[in-house]
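Down below is the structure, laid out as structure tokens.
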Amino acid sequence: MNPVKILIVEDDALLLAELSDQYRRIFAERDFVVEITAAVTVAEARKLAKQGRSSPFDLVSLDVNLGDTDLTGLDVLETLHRFRSAWMVALLTGVETDASFDARIGTEKAGDIRRKLRREAYSRFPAERLLVVEKPSSTLALMDSRHLLSNRLEQIALVYEEVGRLRYVFRPIEVSSLERIPQPKGSKGPRKFIDTTSLHWQIRYNCGEIRTLPNLSGFKTLHYLLSRDRNVSITPEEALSIEPKAEKSSLPLEAGEDPVATYFESQGIAWKELSQLDQDKLIRAALSLKFNRYCELRGFQDDDDLSISEESELNRIIRDLGPLATTAETGYLRTTPGEVDPSIVEESSSGSLAQDDLHIAGGNYDNLGEGRKGKDSPAAQLFRARMKRVRDCLRENGFADLAQHLEDYIMSTGANWSYNPPEEVEWTT
């Protein structure tokens, strides 16, 4: 059961009690553990909003007319956004139809708020996380009013469940651009451009905004950790195979040389010193981020249904995999047994890995040092350095809270690393 912290800002005591009961029931029915905090004035609500930065409210049910002649719920809304202390807000208001509003704050100001309410609200809080909901009219019978209020709170709960999936985001996207082709010095011909794509990352942590950052060494490894089951760990060597420290050598292979061995040795991994089991684990890790998409595109290709852009993507994946492309193809063929050529399958000793789970945690890779328990292997040192650069980059780009979160919850057990966040943190990757 997931926890949900709800702040209800309402100055009508009877309605506050009704809202508390209804929200508690509705969210409990959806397997949430409900914690409710209440505020009855603008001052109380803004104080809670300022205090909530370190532990944001999941949902705020906010009235507009709180009996203050100078400030309204819109000022509370602005404070919630400024301090990032609320994930979602339901602006539950009756000002658009409640005639008593004029008597409380004045006809001119009431009319001005009615005209500008929605525009002002959506300018003060992210639109995708804000609902403006009309309270049931006070002229309705009590039972009708409660039934209508229940229906509207049900809708709020449904929206909350949907938008909650984008609270923690770390996902790759391709950004298209035009790149100018270099021309010989002194050339006066027209400039020529080609379409190019580059890898970027969409990131949001908790109640912040989604931002896009260019790729950085270490982001792919972090993505791997965030997107895997919490019981999965990764060795530094597997991280290195997911995200090589340098491009593989472009020198031609000598006769009889193993291209897979050359691929991993060019990344600083003593391939020939590893057992067959450890070699298989590294191949699985190297394939894991691209294999599913490779199989999907190959299926389209076999069905003669591959678009031009998908063909370019498939070719790019094959280039990125290098000599492991043969292993990926073998794995794909094993997923379509009716078309498998047994002679092809036997060509690669690692081909059977591809259709299995593409990650198995490794053992302890630390090197023993004299007079001490152990020291980091070169791959482990590289892993630590990359994660530090990632955290520094995130801090420099407005993600200080995320950087601290990663420092707290990416943990080492021996030489392996795993991600163990609080239960309510679920990433969209």
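The values are calculated or read from the model by the stated rules, or taken from the named source; none is laboratory data. Quick caveat: nothing in here was measured; it's all calculated off a predicted structure. All Cβ positions, even for glycine, are placed from backbone atoms using ideal geometry, and neighbour counts span all protein chains on display. These area figures cover heavy atoms from the full protein model, side chains too; ligands, DNA and RNA do not enter into them. Shrake-Rupley method; radii C 1.70, N 1.55, O 1.52, S 1.80 Å.
Residue-level check: of (1) open to solvent by 50 Å² or more (accessible area, probe 1.4 Å); (2) in contact with a Leu (Cβ under 8 Å, 6 or more places away or on another chain), R395 misses just (2). Please enumerate the residues belonging to the range 77-108 that are of a type in the set (K, R) and modelled with pLDDT of 70 or more. If the condition is that a residue be of a type in the set (K, R) and modelled with pLDDT of 70 or more, then R82, R84 are the ones that fit. Select from the range 54-67 the residues that are farther than 22 Å from E18 by Cα and in contact (Cβ under 8 Å) with a residue 12 or more places away in the chain and write down the one among them that is surrounded by the most Cβ atoms within 10 Å (Cβ to Cβ). Among those residues, the one meeting the criterion is P56. Only one entry of S138, S123, S176 meets the criterion of being among the hydroxyl-bearing types (S, T, Y), at pLDDT 90 or above, out of contact with any Leu (no Cβ under 9 Å at 6 or more places or on another chain) and open to solvent by 60 Å² or more (accessible area, probe 1.4 Å), and that entry is S123. Scanning the range 211-267 for residues that are among the hydroxyl-bearing types (S, T, Y), within 23 Å of D278 (Cβ to Cβ) and modelled with pLDDT under 85 yields S241, S249, T262, Y263, S266.
What number of residues in the range 74-93 are within 16 Å of G52 (Cβ to Cβ) and either β-branched (V, I, T) or open to solvent by 10 Å² or more (accessible area, probe 1.4 Å) (or both)? Of the residues in that region, 9 qualify. If you go through the range 16-53, how many residues are out of contact with any Ser or Thr (no Cβ under 6 Å at 6 or more places or on another chain) and without any contact (Cβ under 8 Å) to a residue 40 or more places away in the chain? The qualifying residues number 25.
Could we say that G331 is closer than 28 Å to T197 by Cβ, open to solvent by less than 60 Å² (accessible area, probe 1.4 Å) and at pLDDT 80 or above here? I'd like the intermediate steps shown before the answer.
Working: closer than 28 Å to T197 by Cβ: yes; open to solvent by less than 60 Å² (accessible area, probe 1.4 Å): yes; at pLDDT 80 or above: no.
When the stated conditions are applied, G331 does not pass them.
Please enumerate the residues belonging to the range 299-325 that are in a helix (DSSP H, G or I), more than 16 Å from L287 (Cβ to Cβ), open to solvent by less than 70 Å² (accessible area, probe 1.4 Å) and of a type outside the set (S, T, N, Q). Residues satisfying the conditions are G299, F300, E310, E313.
So is T212 open to solvent by less than 80 Å² (accessible area, probe 1.4 Å), free of Cβ contacts under 8 Å to residues at least 60 places away in the same chain and more than 30 Å from E134 (Cα to Cα) or not? So T212 passes the test. Residues in the range 408-428 that are of a type in the set (S, T, N, Q) and open to solvent by 30 Å² or more (accessible area, probe 1.4 Å) were compared, and the one that is nearest to the chain's Cα centre (by Cα) is T428. Taking the listed residues A385, A400, the one that is farther than 22 Å from A239 by Cβ, surrounded by fewer than 17 Cβ atoms within 10 Å (Cβ to Cβ), hydrophobic (A, V, I, L, M, F, W, C) and at pLDDT 80 or above is A400, with no other qualifying. Pairs are defined by a Cβ separation below 6 Å, a sequence spacing of at least 6 or placement on different chains, a first member in the range 273-300 that is over 14 Å from E329 (Cα atoms), and a second member that is among the β-branched types (V, I, T); the pairs so defined are K281/I360; A285/I242.
Does G338 satisfy the criteria of being of a type outside the set (A, V, I, L, M), modelled with pLDDT under 80 and surrounded by 19 or more Cβ atoms within 10 Å (Cβ to Cβ)? Spell out how you get there, then give the answer.
Details: of a type outside the set (A, V, I, L, M): yes; modelled with pLDDT under 80: yes; surrounded by 19 or more Cβ atoms within 10 Å (Cβ to Cβ): no.
So G338 fails the test.
What strands (runs of 3 or more DSSP E) completely inside the range 159-228 contain at least 2 residues that are in contact with a Ser or Thr (Cβ under 9 Å, 6 or more places away or on another chain)?
Those strands (runs of 3 or more DSSP E) span 169-180, 193-204.
Taking the conditions (1) modelled with pLDDT of 80 or more; (2) surrounded by fewer than 15 Cβ atoms within 10 Å (Cβ to Cβ) in turn, C295 satisfies each one other than (2).
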